[in-house]
1. Being surrounded by fewer than 20 Cβ atoms within 10 Å (Cβ to Cβ), part of a helix (DSSP H, G or I) and within 9 Å of chain B (Cβ to nearest Cβ) is the filter here; which residues of the range A:323-346 pass it?
2. Scan the helices (runs of 4 or more DSSP H) fully inside the range B:1-91 and keep the ones with 2 or more residues being loosely packed, with under 14 Cβ neighbours inside 10 Å.
3. For the subset of the range A:293-310 comprising residues that are touching a helix residue (DSSP H, G or I) at 6+ places or on another chain (Cβ under 6 Å) and at pLDDT 90 or above, which member is farthest from the other protein chains (Cβ to nearest Cβ)?
4. Looking for something surrounded by fewer than 16 Cβ atoms within 10 Å (Cβ to Cβ) and away from chain A (no Cβ under 14 Å) - is there at least one such residue anywhere in the range B:246-256?
5. Which pairs do you get when a residue that is within 24 Å of B:Met91 (Cβ to Cβ), found in the range B:136-156, comes within reach of a residue that is loosely packed, with under 12 Cβ neighbours inside 10 Å and not small (Gly, Ala, Ser), reach meaning Cβ atoms under 9 angstrom, with the pair 6+ apart or on two chains?
6. Filter the range A:365-395 for residues that are part of a loop (DSSP other than H, G, I, E, B) and either facing chain B (nearest Cβ under 10 Å) or under 17 Å from B:Gly207 (Cα atoms) (or both) and give the result.
7. What strands (runs of 3 or more DSSP E), lying completely within the range A:27-133, carry at least 2 residues that are closer than 29 Å to A:Gly295 by Cα?
8. Quick check on the range B:195-221: of everything there that is closer than 16 Å to B:Leu63 by Cβ and not hydrophobic (A, V, I, L, M, F, W, C), which residue is nearest to the other protein chains (Cβ to nearest Cβ)?
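The values are calculated or read from the model by the stated rules, or taken from the named source; none is laboratory data. Source: prediction; values computed, not measured. Here Cβ is always computed from backbone atoms with ideal geometry, including for glycine, and neighbour counts include all displayed protein chains.
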Amino acid sequence: MASLKPANHSPTLIAVSGLSKSFGRNIVLQDVSFSLGRGEVLALVGENGAGKSTLMNILSGNLSHDAGDIRLKDATYKPSSPADAARNGVAIAHQETAVMPDLTVAENVFFGREPRNALGMIRQRQLHSDFTQLAASLGFDLDGRKLGRHLSAAERQLVEIAGAISAKPDILILDEPTASLSSEAAHSVIRLMEQLKAQGTSIIFISHRMGEIMEAADRVVVLKDGALTLAAARGEFSEDDLIHAMVGRKLENIFPARPARENAPVRFSVRGGTNENLPEIGFAVRRGEVLGIAGLEGQGQKPLADALCGMAPFRSGTIELDGEALKLKSPAAAIAAGIASIPDDRKHDGLALSLPIRLNMSLFAITERAKGGFLPLAYERDFVEGARERFSIRSTDMEQPVGELSGGNQQKVVFARWLAHEPKLLVLYEPTKGVDVQSKSEIYHLVDELSQKGVSVILISSDLMELIGLSDRILALYEGRITGEIARSEFSEEKIMRYAAGLPGKRQAEGMEAAHV
Amino acid sequence: MALPAILTNAKPAAATWRALGLLAILLIVLFVFSGRVSMVQVMDNARQAAPLGLIALGQALILLMGRLDLSVGATAGLANVVLAASFAGNMDNMATALAITVFFGLLVGLANGILVVVLRIPAFLATLATSLVIAGAILVYTGGSPGGSIPAGFRVITEGWLFGILPWSVVIWTACSLILLVFVHYSLKGRKMLLSGANARAAQRNGIAADRMVIFSFVLASFMATLGGILLSSITGMASIGIADTYTVDSIAAAVIGGALFSGGVFLPAGVAAGSLILFFLQSLLYVLSLPPAARFVLQGSIIVIALALSNFKKDR
């Protein structure tokens, strides 16, 4: 394990040693140690599920740790609640989504700490003068009386940060402050961080963006699967070190062996597809091809998946399926055209959890076979039993509510629904989120099987292993645009991460990377 | 496992058995205290419970969609006033009277559906608003004293008995329950209603026009409330203001006792029937025990608590 060199320029403010945390049998943090000096900026880096949020929640008093020791200003620090953490000078700014839409900017910033009169009512005038003072000291130009719902994403993020700063913390924790911001807006957040740092505040920020980490961080801590894989001070790490520390792992043998398919005709294409959440997107999928779409969180994956399944259609652009122009105005239109889609959030978007497996699985099968508006019940039973065997779905019977099944079995029910008639295009969005390894492998083999039959697959995923193991070609998505294309022979996690982090320019380095993989 | 597919689909849910069990217990208690419960007495109670039974069926359809209709009582009252006025005591007016009454009922349902789906007003507020509009309109139109009457020839539907053993209103109620059971559980459209009721977002994503299903359910519920209002008119024979106001709350109670869930996705007509009968036999029990009528609310509340506690108890195990 890499260890941090003792800080040589500023006194240590917080030192974490041997920190561990598990939920049941699931170890989420394992023996993590690092330290941070006064007025330093530390970037906390790692893939989704690496343990960043857990670490952050422990520091901010939302979770307690199982083992290890945190020393803050040379005293043991084990906050019992966020309020306790705040009393010790540790404040957290959540992602911009936490801003309350019906409160004003000033009310959001001072939420829970509003100046009150003897009757417990908020002293609005005092609140606004406090806000004006704070805004002036931070140098931002926001109307304190504006409602949360009228703010842009960047403004909401600034409000969240201002809220945390208003408590005058020694340590400010920022949870992905730039995740949903354009690079310009992200810059204003980085400038704010530098300003706070100059005032002596220590900052821990979570980020996926290599550029801003290199620019703003005095130190980095990289987590992978709950363990620390890199802790280094500025000048001691490169972008490549970070990426390697984030993803360095081996592929397991859960993927099907896939022959290359490069000469098949194009089956589905989008050109100049735009809507309010997608600046402009274009790509094409061949017959029987699995096209992976990689990207860090919030780079347009959801809008893209929603557009392809007709939930949030493209406003402009050309869509073609098997050479015919197509409008995907609604889910019904997409389904009728032969586009099947697996949503990332099966509990909300995929299944009626309280209803039996049978009802959840049979929709498309019975729609085709219904006679005179009545359900073909015998056929439904055969279809459902057949699918259950084929997918080895583990349940008491097919009348069991689907909500009682494990994540993997639930996902198999979602897949099985589409087997009534083979789709032309299958859009998968995080198809194995919360799915056990066994079911994962079964899903991968099913996807492979379908693609062998000519079904085109678009695989939108944040799981690099899955993208590399299953795709024939990978596109990188960054801020709602395709920023890179990687052929199968050149797949490497480093290369995908580089594109996904918005660093498309390093063409000359690519050859070397491909060689060492 | 050996059940044929057609039966599996209509297998009574645990909630239905619970409601029927409560009903059985109530009948036994009634028997113990009064010393006699005859078939005729049971049927006569069922006869009077039929309007509530029909209105509660409509409410159950709305609950199936995960919504609430607070206008069913007002809609039944509207049917009463309109039917009496357009009948004017003359059997010759039957076709027109029924047509006008049903037309008004469907109109209310359509208005509810549009308020909820197009204007995105939460169902219980939208239907509360329609119920106020209806009540006000009735007062304005009738000046507080509604006219007309239901001719004796028509009143056979609630006062007459088939072969002297089965009241016609019970026949109508049973037929409506069966039709809705077949519709929801055996037709494709009904299946789509179930899926969108249990999870509208997922249904929409799978190409089901979930919004249209909601409008349809409100129209159907208002139709059922209108049928209930027609039976109620037949029982009283005349128009009165606010005759069905209590039916809004009673219909919710009956549906919930019968296993309906506020979260949607459940439609159990047998349970709803049991729930409606339970509310009526409770009244009989009050007479037998010579308790004040107000005690009915206490008992009604207790029954709802018992029904829900039983279902939660089962879930926790």
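1. A:Ala332, A:Ala333, A:Ala336
2. Hits in the range B:1-91: B:5-8, B:14-34, B:39-64.
3. Among those that are touching a helix residue (DSSP H, G or I) at 6+ places or on another chain (Cβ under 6 Å) and at pLDDT 90 or above, it is A:Ala294.
4. Checked against the condition, which is being surrounded by fewer than 16 Cβ atoms within 10 Å (Cβ to Cβ) and away from chain A (no Cβ under 14 Å), the range B:246-256 yields at least one hit.
5. Close Cβ pairs satisfying both conditions: B:Pro151/B:Asp92.
6. A:Ala370, A:Gly372, A:Gly373, A:Leu375, A:Pro376
7. A:41-45, A:90-93
8. B:Asn199
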